[in-house]
Amino acid sequence: MRHFRFVWLGLMLLAGFNGCAAPPRALDDAAQREMLALLMPSRVEIVEPFTRVKSFDDDATPDGIELLIQAVNALDNPGLMIAGRVRVELYEYVPASADQKGRRLEHWDIELTTAHEQRTYWNALTQMYEFQLGIDPAKIPPADKYVLAVTYTSPLGDHLTDECIISYSRLPAGANRSGTR
């Protein structure tokens, strides 16, 4: 009988503690979306000072573009990791035009959907994604400027875009454009 009293007392204490707990607050879909929107990327940015035409094999002939992008949330905090798909497009530059994008010269589709892909492109030190985009020089007309456009598509179907003008001088280092010294 004494054993029964201890069991009964234990059950009553447990019931009392459970009765004091507040029920979880149910959020509607709009509140959940608003809360998640604080942390999700609200824009992607091409990091222009570090995005450039480059030689990946350290010779004098450029063979690609080094592209750095960062995602920024609604609170203006950069350095977010993103999942989804990044589409990069290279266009001819059209001077003195409202739309400076001319003919599309090249494009790349980059998946960021697996842990391996994240490790491949994410730089933990800079908190940015780094892409080395190879270009066949024969397909690209010689020019001093190009337009680079990035479109990020999230798993939810949202699209975020950015673009910049890439300047590129084909003259060797130290050469003078006017031909005089």
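Read-outs: derived from the displayed coordinates by stated rules, not from any lab. Note that the structure is a prediction, hence the values are computed from the model and not measured. Please note: Cβ atoms are built from the backbone with ideal geometry, for glycine as well, and neighbour counts cover all protein chains shown.
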A60/I140 FRET efficiency (R0 25 Å; Cβ-Cβ; nearest 0.05): 0.95
Ordered by residue, what ³J(HN,Hα) values in Hz, to whole numbers, does the stretch 40-48 give under the Karplus form 6.51 cos²θ - 1.76 cosθ + 1.60, where θ = phi - 60° and Gly and Pro are x? 6, x, 9, 7, 10, 10, 6, 7, 4
Table column - 3J(HN,Hα) (Hz), the stretch 152-166, Karplus curve with 6.51, -1.76, 1.60, x for Gly and Pro: 9, 10, 7, x, 8, x, 6, 10, 10, 10, 7, 8, 8, 9, 9
Show which lysines lie in cross-link reach of K101 when reach means a straight Cα distance below 18 angstrom and same-chain residues fewer than eight apart are skipped. K139, K145
Name the long-range amide H neighbours of Q100: under 5 Å, sequence gap of 5 or more, or other chain; modelled H, no Pro or chain starts. none
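Per residue, what volume in Å³ does the convex hull of the Cα atoms of the stretch 31-181 enclose?
Per-residue hull volume (Cα only) is 156 Å³.
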Placed amide H near V47: partners under 5 Å, 5+ positions off or other chain: L68, I69, Q70
What list of ³J(HN,Hα) couplings, whole Hz, do you get for the stretch 121-135 from phi and the Karplus terms 6.51, -1.76, 1.60, once you set θ to phi - 60° and write x for glycine and proline? 9, 7, 9, 5, 5, 8, 6, 9, 8, 10, 10, 9, 9, x, 10
